[in-house]
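Peer 1: Below you will find the structure I want to go over with you.
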Amino acid sequence: MTEGIRQKAHIEFRLNDEAVEVAFAPHKTLLEVLREDLNLTGTKHGCELGECGTCTVLVDGRAVLSCLVLGLDVEGREVTTVEGMAEEGRLHPLQDTFADLGAAQCGYCTPGFLLVAKELLEANPQPSREEIKEALAGNLCRCTGYIKIYEAVELAAARMRGEEARPAKEIIYGYE
Amino acid sequence: MALQQSQQQKPSAAEAKTANTSIPNAARNPSNDEPNKKRNATRREVLPAGIVGTEGMNTVEREIPADEPPALKVNSSLAVIGRSTPRLDGRLKVTGKARYTADVRLPGMLFAQVVTSRYPHARIRSIDTSLAERAPGVRAVYVLDRVLGNAELRDKSKELPAKFPIVRFAGQPIAAVAATTQAEADDAARLFKVEYEPLPFVVDEDEARKKDAPLVFPGAADQGGTAGGGGGPQGVTQEGNVRGPVKSGPRGRPAGDINRGFAEAEVTVEGEFRTQVQTHSALETHGVVADWKEDGLTVYASTQGTSSVRDEFAAIFKLKKSQVRVVTEFMGGGFGAKFGAGNVGVIAAQLSKKAGAPVRLMLTRKDEHLSVGNRPSSIQKLRVGAKRDGTLTAIHLFSYGTAGTGTGAGAGGPAQNMYKCPNILTEEADVFTHAGPAAAFRAPGHPQGCFALEQTIDELAEKLGIDPVALRDRIDESPARREERRLGAERIGWSRRRRAGSDTGPVKRGLGVAQSIWYRFVNMDSACEVRVTQDGSVEILSGVQDIGGGIRTVLAQVVAEELGLKASDITVRIGDTAYPAGPASGGSVTTGSITPAARNAAFKVKQQFLEEVASALGTMPEYLKLGGGQVAVFDRNPNWSDGDRQGRSYKAAPIKSLSFRQAASRLKTEQIAARASRSDDYEKSRATYGGVQFAEVAVDTETGVIKVERVVAVHDCGRPMNPLTVESQINGGVLQGISYALYEDRILDRNTGLMVNPNLEQYKIVGSRETPRIEAILIEEYTGRSSTDAGGIGEPATIPTAAAVANAVYNATGVRVREMPMTPARVLAALQSARGKGGVRS
């Protein structure tokens, strides 16, 4: 363990629409910098190998796996995490629909899904179910079975287009 | 521990246990003294019973504890219960504010890393920790003196004494280190010098059964008592690595005589089925933050059972239970693997004790696959005999399976309990291998058991020339499943199902059906406190944890229903052993166990509330009615709608109405509170859950790829409390079943004993692209068993999926795939072998 490795790197970047400055051990991933040095724990560890999508954040609007990006790489760039999705105290439509439709079950994978979905809807305001499935294919969920996540993305997309839309209802025998 | 047993034992044995701990009033000693008599006062109550929308819908009269609330009406008559209610914690989850174990940051907290074995079987000669101890940032090291989770020799003298625990699987924890940063802990973990004496090993269950196979244990072994992890029955005979077989049948013992049953059979079907080892793979790995202080231990744990964690810590560290506090605010999935302190918890607490600082230990994804549980494999030989009309005459299952260094690989549940048959014998054997121990996994034994049983029933139907749904109508006595078959068949369009292998092109489509069986377990350690404060705020407190299923929201619904409020009006404080005892969440027990306690507590506090408010208003409590956030004051009892006690007809008229908050301000003291514990189920006879799933698949016979296109899943869970979250559980269960059927496979290299895919890339979990259309249909079934009559859904939802897919694959191709996962290679091999026999058209 040499002194050089223990020296801290120092960078500036924009995080959730605010300028930040942070010093950290240079080997750290963006995930570690966000969670440990900037205390934003909304972004989660899942596998640390880029396989599960749980740690997804946006860098310059593009979804990246923060466990595979060095903290040093975001110098001067624009990073969005789940904590930065709400604007002026109002939740992003995706956050509303994920919460209301039950797209967050245990909730651990949710931040990653939200950011990938945000990237999708910014590029494609009216995605088909297949396009949603494709866009979310890098994110794993072990609880919900994805269906409610698709429904939440579709409903948020419709609301963002200014359309009236209602989610599908559960089927319960007796009072469907 | 009660939960662990209910999860792991044969259902009938677990039922026997429940019966032992819950003696009906009538059976109590008549010489009870006065206070007991008072406590046991009962009354008759008429409750809804049957399946809503069917002819069987009726009522049932039960003897219930006198202080419990009146019968709850069916869902359509209720305001909050049974209505889809978004999770109360949804906002926290979508904003990143929900705090999971890894998000806990205590002052001075250290980070830990574990040193694990590279060898699958070894004696450890020495461990040199000196380099690690001197590494930068290191504050404590710990060498394990005991490994939890593995089975243990019954007679320790059968093995040479060892200074360190014998290594019995690659990935077994050996030592650990805590340092000021995670990176320093990771670096220091590499500096431990462990000198091994590698020993012969076997990781393949077929090899392990051979006479000269290396032994995992040099004598008979049982899996010891780690909460939630312990597998099969104790004291079973063992030869080499093979433990058992244990003979069983319905209600814990063989039924009838299978030889006679097969002699009476006019048709017999049999086959060998194999299922793989599946790992739980929750997105959040196992982890704790342990904070050891002079006066006690506080643990933030990712667990399914705060109480189970506390109990194991108290036992291992010889602490009073009151000195251990376990907190689980949010947790990222468990599926059966997260109970008790486990090695992870013990390591963190030992390091915290040594370092005098809180320690966080989160497992790596690799260690998660290797060391903290899995679903055992199975090799099942199943034989079923029947009369020409379909009546079953005999079922015989012989199964082997490996739970690694653990026990509990039985797969007999479905064969024992699903169908009516006078002669049933199951023989289940565990095969020890040098692989990580199994743990309870969503319906232990049942997805594997159904894979064999439901394919065999499908084959029987074909052989008899009876439709598979019609055959089940003949041999299955469950009214719930009968209705579920009817609804599901209609929904998926079962009538369009064709003869097996009808498609002529390379892509062949087919339909399949399979059924689920699970058991109603009740955890009596279920208590709640409900508080109403003068400002009108309402809280419910319980130790129970929300593992994602949504019990936090359901508890709010129950209290809101009773007090005439909205679910969002209720503050729910759970996941902390400082609150009244809550059940561990496993075996689909949570909702059925805790909601009656919640309703009973809310009912009690409501009575006190009404009394105090009535007294302040100068009226009688019976003249008040709660609803819509209001307290309505009537001129007489509004519940006597038809007439008073003298038979005079009248209609109560409201005099005035005040808000719940205004009414609460009239309470005599700042806060009123009531506590209730779970009472016995009103009816204690055996109860099971059903579930029927229909799958539609497309099989590409050129590539061997199976695509599940649609699943219709029809389920029951007693009274559905929150359809929104029940539907999620069903979707998730179906997808976990598809994942198990087609993709997931823990692959061990038989030459090195190492897992070759300890990640989420080569250990493939179903993803978004492979997700079919899923339609979840829920029936509403009442059995009059508790003050909420709620049940469970977690396990039933995943049990039949793999079997339904397999039956659909057969219907598509005319070829049966009897081994999971049903990979392209296995599908092609099965097609090839059938072609050799002239079985497939293409």
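Peer 1: So for the range A:9-84, considering every pair of alpha-carbon atoms, how many percent are separated by more than 20 Å?
Peer 2: Here the tail beyond 20 Å accounts for 17 percent of pairs.
Peer 1: Compute the length gained on full extension between B:A616 and B:R636: take 0.36 nm times their separation in residues and subtract their Cα-Cα distance, giving the result in nm to one decimal.
Peer 2: Length difference between fully extended and current span is 5.5 nm.
Peer 1: Taking 0.36 nm per residue of separation and subtracting the Cα-Cα distance, what length does fully extending B:Q832 through B:K668 add?
Peer 2: Contour length minus the Cα-Cα distance gives 51.0 nm.
Peer 1: Around B:E770, what is the net charge, scoring Lys/Arg as +1 and Asp/Glu as -1 over all other residues with Cβ under 11 Å from its Cβ?
Peer 2: So the surrounding residues net to +3.
Peer 1: For B:K247 paired with A:R159, estimate the spin-label separation in nm (one decimal), with each label point 7 Å from Cα along the Cα-to-Cβ line.
Peer 2: Result: 6.3 nm between the two label points.
Peer 1: Under a cut-off of 16 Å between alpha-carbon atoms, report the aspartates and glutamates in cross-link reach of B:K338, not counting same-chain residues fewer than 8 places apart.
Peer 2: Excluding near neighbours in sequence, the set is B:E284, B:D311, B:E312, B:E329, B:D367, B:E368, B:D546, B:D576, B:E795.
Peer 1: Extending each Cα 7 Å along its Cβ direction at B:D535 and B:T391, get the distance between those two points in nm, one decimal.
Peer 2: Going from the B:D535 label point to the B:T391 one covers 7.0 nm.
Peer 1: B:N757 label point, 7 Å along Cα→Cβ, cut-off 11 Å on backbone N: hits in the range B:424-455?
Peer 2: In the range B:424-455, the label zone of B:N757 (backbone N under 11 Å from the point 7 Å along Cα→Cβ) covers no residue.
Peer 1: Over the whole of B:717-730, what's the average partner chain Cβ count within 10 Å per residue? Rounded to a whole number, please.
Peer 2: Per residue, the average neighbour count from other chains is 4.
Peer 1: Let me ask another. I'd like to verify something in chain B: which complete DSSP H helices, judged by Cα projection on the helix axis, reach 24 Å or more and average at least -0.5 on the Kyte-Doolittle scale?
Peer 2: B:446-464, B:590-617, B:723-742
Peer 1: Then there is this: Note down the Stokes-Einstein diffusion coefficient of the range A:93-173 in µm²/s, whole number, using a Kirkwood radius over alpha carbon pairs, 37 °C, and 0.692 mPa s.
Peer 2: 260 µm²/s
Peer 1: I need the trypsin sites (Lys or Arg not before Pro) found in the range B:492-551, filtered to DSSP loop residues with at most 16 other beta carbons within 10 Å of theirs.
Peer 2: Counting only loop positions with at most 16 other Cβ atoms within 10 Å, the trypsin sites (Lys or Arg not before Pro) in the range B:492-551 are B:R498, B:R499.
Peer 1: Right, here's the next one. Distance from the Cα centre of the range A:68-134 to that of the range B:330-404, in angstrom?
Peer 2: That distance is 33 Å.
Peer 1: Can you give the convex hull volume per residue for the Cα atoms of the range B:523-679, as a whole number of Å³?
Peer 2: 115 Å³
Peer 1: Another question, then. Just need the relative contact order of chain B here, percent rounded to a whole number, with Cα pairs under 8 Å and 6+ apart.
Peer 2: 16 percent
Peer 1: Sticking with this one: Work out how far the C-alpha atoms of the protein assembly as shown reach from end to end along every principal axis, then list the three figures in whole Å, largest first.
Peer 2: Principal-axis extents of the Cα atoms in the protein assembly as shown, largest first: 89, 78, 68 Å.
Peer 1: Compute the distance from the alpha-carbon center of the range B:278-301 to that of the range B:593-612, in whole Å.
Peer 2: 33 Å
Peer 1: While we're looking at this one, here's another question. Post the alpha-carbon centroid distance, the range B:253-267 to the range A:1-64, in whole angstrom.
Peer 2: 65 Å
Peer 1: Between B:A315 and B:D145, what is 0.36 nm times their sequence separation minus the Cα-Cα distance? Round to one decimal in nm.
Peer 2: 59.7 nm
Peer 1: May I pose another question? Return a whole-number percent for the relative contact order of the range B:523-679, with Cα pairs under 8 Å and 6 or more residues apart as the contact set.
Peer 2: Computed over the range B:523-679, the figure is 32 percent.
Peer 1: What do you get for GluC sites (Glu not before Pro) in the range B:729-804 restricted to DSSP loop and a cutoff of at most 15 other Cβ within 10 Å of the site's Cβ?
Peer 2: Qualifying residues, ordered by number: B:E761.
Peer 1: Here's something else I'd like to know. Helix-only mean residue ellipticity at 222 nm, the protein assembly as shown, DSSP H runs n ≥ 4 weighted -39,500 (n - 2.57), per residue, nearest 500. What is it?
Peer 2: Calculated from helices alone, the mean residue ellipticity at 222 nm is -8000 deg cm²/dmol.
Peer 1: For B:I672, B:I738, B:I730, B:I466, what ranking results if the residue with the fewest other Cβ atoms within 10 Å of its Cβ goes first?
Peer 2: B:I466, B:I672, B:I738, B:I730
Values in this text are rule-based calculations from the coordinates and carry no lab data. Given the structure is predicted, the values throughout are model-derived calculations rather than measurements. A quick note on method: Cβ atoms are made from the backbone with ideal geometry, for glycine too, and the neighbour counts reach across all protein chains shown.
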